[in-house]
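These notes are about the structure you will find just below.
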2 protein chains.
Amino acid sequence: MPEEDDNTVYIGSKPPMSYVLAVVTQFSGDRDEVHVKARGKAISRAVDVAEMVTRDHVEEADVEDIEIGTDEIETDEGDSMKVSSIQIDLAR
Amino acid sequence: MPEEDDNTVYIGSKPPMSYVLAVVTQFSGDRDEVHVKARGKAISRAVDVAEMVTRDHVEEADVEDIEIGTDEIETDEGDSMKVSSIQIDLAR
């Protein structure tokens, strides 16, 4: 999974500040909207990142929309497994 | 923190099915709206619970609104700490 794709930042298992920096970098360019996406246990970290960005780093940005869903992923054993997902849209 | 308060279900560290059951029980009564709330690492589980309820258990229910925020909590040492929160409103 790429960490940044256009104006999307995918949240993984690094410390939240890595992703905060990625989002802030997008806003520092010409982006007015950044999508923060995560699956499974990283969902909590995605909310942390969105809160840290809008609260402390890009004050004119707000949460515009939040969607949750379920993705079907394939395990290493070839089984399919359901995992929750979130997309948080930040905009200024 | 109470586990159920009116039509609110607070997500803690139990297996997701405990909370799915609590939400389904609320809908089985006369509730048309149930709020699922969580903080910190339990946020991912709250999304799992909302997805399991609307996908598999109360098919006429949908996610109506999602809000995220930051709560200030006090640690055992008396320090204050910021923790992310989520409220997922399910309605039918």
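The values are calculated or read from the model by the stated rules, or taken from the named source; none is laboratory data. These numbers come from a predicted model, not from an experiment. Don't worry about glycine lacking a Cβ; one is built from the backbone with ideal geometry, like all the others, and counts go over all protein chains shown. Surface areas here come from the heavy atoms of the whole protein model, side chains and all, with no ligands, DNA or RNA. Shrake-Rupley method; radii C 1.70, N 1.55, O 1.52, S 1.80 Å.
A compact table of results
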quantity	calculated
Hydrodynamic radius by Kirkwood, which averages 1/r over all alpha carbon pairs of the protein assembly as shown, in angstrom	17.2
Long-range HN-HN contacts of B:V9 with modeled amide H, under 5 Å	B:H35, B:V36, B:K37
Table column - 3J(HN,Hα) (Hz), segment A:49-55, Karplus curve with 6.51, -1.76, 1.60, x for Gly and Pro	4, 4, 5, 5, 5, 6, 7
Packing-based order for B:40-53, A:17-30, A:49-62, B:60-73, using average beta carbon neighbours within 10 Å, highest first	B:40-53, A:49-62, A:17-30, B:60-73
Helix-only [θ]222 nm of chain A, DSSP H runs n ≥ 4, -39500 (n - 2.57) each, per residue, nearest 500	-8000 deg cm²/dmol
For A:G69, inter-copy label distances in nm, listed shortest first [label point 7 Å out on the Cα-Cβ vector]	2.8
Accessible-area composition of the protein assembly as shown, carbon plus sulfur, in percent [1.4 Å probe]	42
Segment A:8-91: equivalent-ellipsoid semi-axes (sqrt of 5 x gyration tensor eigenvalues, Cα, Å)	26, 12, 10
Beta bridges per DSSP with both ends in chain B, % antiparallel, nearest 5	90
Inter-chain shielding of A:44-53 (mean C-beta neighbours from other protein chains, 10 Å cut-off)	6
B versus A: buried accessible surface, summed, Å² (probe 1.4 Å, to nearest 100)	1500
